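What follows draws every value from the coordinates through simple rules; no lab data is involved. Predicted model, so just to flag it, every value in this text is computed and none were measured. Glycine gets a Cβ as well: all are built from the backbone with ideal geometry, and neighbour counts include every protein chain shown.
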């Protein structure tokens, strides 16, 4: 029987042919998708394709150090900042 950690579908099943010539079933982690913008769904630049738990561990491949870094692309961030600035002007004026 397989180990309990391999019973879920978080690990993908890969059929591998060994040097003996027999076919075995290996359990390997799934490939992570690239990070996408929350609003426009564009692929974020400067973000490594990692799971959130591994992204916390690796210090060299963190998200960009700006507001909404790793969540919004630069175009959507610019739109959001302009919108917030306009709201503040309307609120004060």
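General observations
- Euclidean distance between Cα centres, the range 61-93 to the range 1-41, Å: 37
- Of the peptides 24-35, 63-74, the ranking by mean beta-carbon count within 10 Å, highest at the top, reads 63-74, 24-35.
- For the chain, the longest principal axis of the Cα atoms and the long axis of helix 74-92 meet at an angle of about 30 degrees.
- Between residue 12 and residue 66, the contour length at 0.36 nm per residue exceeds the alpha carbon distance by 15.9 nm.
- Prolate/oblate/rounded label for the range 1-42 (Cα gyration tensor, a/c 1.5): oblate
- Each helix, a run of at least 4 DSSP H residues, gives -39500 (n - 2.57); summed and divided by the residues of the chain, these come to -9000 deg cm²/dmol at 222 nm.
- Summary of packing: across the peptides 38-48, 80-90, the per-residue average of other C-beta atoms within 10 Å ranks them, highest first, as 38-48, 80-90.
- Debye log10 I(q)/I(0) at q = 0.11, 0.15 Å⁻¹ for the chain, Cα point scatterers: -0.56, -0.78
- With the simple spin-label model, which puts each label point 7 Å out from Cα in the Cβ direction, the residue 40 to residue 53 separation comes to 3.3 nm.
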